[in-house]
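Data block below; observations after.
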Amino acid sequence: MENKVSIEIPAADLQAIKDAIVVLQAKLGPLLIALTPLQRKNRTKMGEASRPFVEKVVEYSGTNSEFLPAFAKAADLLQDWKAYQELTPVYNALKQLLSNLDDTMLELGVDLMKVSNAYYNQTKSGVKLDVPNAKPVYEDLRVRYEQKPKKKVELLEK
């Protein structure tokens, strides 16, 4: 079996990473919002194809504000566009980093599970062969693979 991820993070680097996250949370966190999955689903989203369109609307709203709907203000539109432009490179960098972190964590888990399952199977074999100390280790580890009884659905009588 190949151990695909083998990394060691120096304590000082790990602390610096944690400190950087604290700074991001302190500086960016208060500016961000959270949406429910339903809210996200029901939004009119601006994808890459719509960015040039929105940019033109922002430009035109400054010179031809008579076309702005009554509920919209050119200053708010400009402020939102500026924030969008400023946050886009931050988002892209964090998204890439998070994607790579997610892949690394997945692969670390794969490596750990391969060895852990092999170890578990060795303890199971040890129990069958009456190897000392195998049984308590096996009993402790087998909880992971025990099947939970399925709940019976009771039919309600009308």
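No lab work stands behind these numbers, since they all come straight from the coordinates. On a predicted model such as this, the values are computed, not experimentally measured, just so you know. Don't worry about glycine lacking a Cβ; one is built from the backbone with ideal geometry, like all the others, and counts go over all protein chains shown.
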### Task
Search the stretch 97-109 for residues that are touching a residue at least 60 places away in the same chain (Cβ under 8 Å) and pair each with any residue that is of a type in the set (V, I, T) when their beta-carbon atoms are under 7 Å apart and the residues are at least 6 apart or on different chains.
T104/V5; E107/V5; L108/V5
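Let's see how each residue does on (1) of a type in the set (K, R); (2) touching a Leu at 6+ places or on another chain (Cβ under 8 Å); (3) more than 30 Å from I9 (Cα to Cα):
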position	(1), (2), (3)
I33	no, no, yes
K41	yes, no, yes
R51	yes, no, yes
E59	no, no, yes
D76	no, no, yes
K82	yes, no, yes
K95	yes, no, no
M105	no, no, no
## Note on the structure
The one condition F71 fails out of (1) surrounded by 10 or more Cβ atoms within 10 Å (Cβ to Cβ); (2) under 30 Å from P30 (Cβ atoms) is (1)
### Summary
Expected output for the stretch 122-138 (first residue without any contact (Cβ under 8 Å) to a residue 12 or more places away in the chain, partner in a loop (DSSP other than H, G, I, E, B), Cβ below 9 Å, 6+ apart or cross-chain) is S125/V131
### Query
Restricting attention to the stretch 29-65, and to residues there that are of a type in the set (K, R) and in a helix (DSSP H, G or I), which single residue is farthest from Y91 (Cα to Cα)?
K56
### Residue count for the stretch 96-154, restricted to those that are in a loop (DSSP other than H, G, I, E, B) and on the phi < 0 side of the Ramachandran plot
12
